[in-house]
1. In square angstrom, what is the accessible area per residue of the chain with a 1.4 angstrom probe?
2. Given H placed on each backbone N at 1.01 Å, which residues far from Arg6 in sequence or on other chains put an amide H within less than 5 Å of it?
3. Pop the C-beta distance of Glu14 and Leu52 into the FRET formula with R0 = 22 Å and round what comes out to the nearest 0.05.
4. Report the label-to-label distance for Gln67 and Ser32 in nanometres (one decimal), using points 7 Å from each Cα along the Cα→Cβ vector.
5. May I ask for the angle, rounded to the nearest 10°, between helix 45-57 and the longest principal axis of the chain, with both axes built from Cα atoms and the value confined to 0 to 90°?
Amino acid sequence: MPVPTRYQFVIDGELSDRALAAFPDLDAAQSSIGTTSLFGPVPDPTAMRAILAMIDNLGLTLLEMRQLPD
């Protein structure tokens, strides 16, 4: 079984509790510059597509996505 890869998704703006609830497997952190970082393990490409689709479906703006070191 492959080990999940950790990613960070930087979203423009501060996410509401309702928007954050759409990403139950990711942790969130608000920044002082008005962005929200979602981060955590992404187990496979299907899960990655689901996260990106949810960001799009919620009308959020993805500013950056990066793989985090283990």
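The values are calculated or read from the model by the stated rules, or taken from the named source; none is laboratory data. Not measured: the values here are computed from a predicted model. Cβ sites come from the backbone with ideal geometry, for glycine too, and all protein chains shown count toward neighbours. Calculation scope for accessible area: heavy atoms of the full protein, side chains included, ligands and nucleic acids excluded. Shrake-Rupley method; radii C 1.70, N 1.55, O 1.52, S 1.80 Å.
1. On a per-residue basis, the chain sits at 68 Å².
2. Here Val42, Leu68 satisfy the definition.
3. 0.65
4. Rounded to a tenth, the inter-label distance reads 3.2 nm.
5. 10
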